[in-house]
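One structure is given here, and the rest of the page talks about it.
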Amino acid sequence: MAARTRLSVELLAALLEVEARTHATLEDIERADALAERLLVRRGDRLRAAAGLTSAA
């Protein structure tokens, strides 16, 4: 959970920086959190694949 929170915060900051904005909307926060979750799932899948394990998803 802590990793997802940190990644979500980093993604949100990057989004605001790229769009030259200083304030986030609830939609921005939700999107950053969803992206963080997907990225961590994909990373876990890659790590399992590299270790020769199959993904449950």
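A short reminder: the numbers here are calculations on the coordinates, not readings from a lab. If you're wondering where the values come from, they're calculated on a predicted model, not measured in any experiment. Backbone-built Cβ (ideal geometry, glycine too); neighbour counts: all protein chains shown.
Worth a mention:
- Spherically averaged projected area in nm², based on the convex hull that wraps the Cα atoms of the chain: 4.6 nm²
- Taking the Cα centre of region 2-49 as reference, the dipole from Cβ charges on Lys and Arg (+1) and Asp and Glu (-1) amounts to some 400 debye.
- Most mobile of LEU11, LEU40, LEU26 in a GNM of the chain (Cα contacts under 10 Å): LEU26
- Axis angle, to the nearest 10 degrees, between helix 2-18 and the longest C-alpha principal axis of the chain: 40 degrees.
- A Gaussian network model of the chain, with springs between Cα atoms under 10 Å, assigns the largest mean-square fluctuation among ARG43, ARG21, ARG31 to ARG21.
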